[in-house]
Amino acid sequence: MKIMIDDLLKEKDRTRYWLAKEVRITYPNLCNLADRKTASIKFEIMERICTALECTPNELLGWNQRE
């Protein structure tokens, strides 16, 4: 599984800094999440990220059942 934050941000021409502000989390925490340096994510945060990026959790987490 791959965290797709950077890919989704690139599609929207947005930055990690923008997303951190939009989602109301610290920039370092967002970077840790995007760089897979954290072991968990709260559903509330995932929902806010998906709302901001207009994506589904599957798109955010790069989930593909065929893999």
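Give the residue list of trypsin sites (Lys or Arg not before Pro) in region 4-67 that are DSSP loop and have at most 16 other beta-carbon atoms within 10 angstrom.
On the way: sites: 10, 12, 14, 16, 21, 24, 36, 37, 42, 48, 66; in loops: 14, 24, 36, 37, 42, 66.
Those satisfying the criteria are 14, 24, 36, 37, 42, 66.
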If the chain between residue 59 and residue 45 were fully extended at 0.36 nm per residue, the gain over the current Cα-Cα distance would be 3.5 nm
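With +1 on each Lys and Arg Cβ and -1 on each Asp and Glu Cβ, how big is the dipole of the chain about its Cα centre, in debye rounded to the nearest 20?
On the way: 12 positive and 11 negative charges, 48 e Å.
So the magnitude is around 220 debye.
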Using the alpha carbons of the chain, what is the convex hull volume per residue in cubic angstrom, as a whole number? 83
Taking the dipole of the chain about the Cα centre (Lys, Arg +1; Asp, Glu -1; charges at Cβ), the one of 62, 19, 39 that reaches farthest to the positive side is 39
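Every number in this text was worked out from the coordinates using simple rules, so none of it is lab data. The structure displayed is predicted, hence computed values, not measured ones. When we count neighbours, we look across all protein chains shown, and the Cβ atoms used for this are built from the backbone with ideal geometry, even at glycine.
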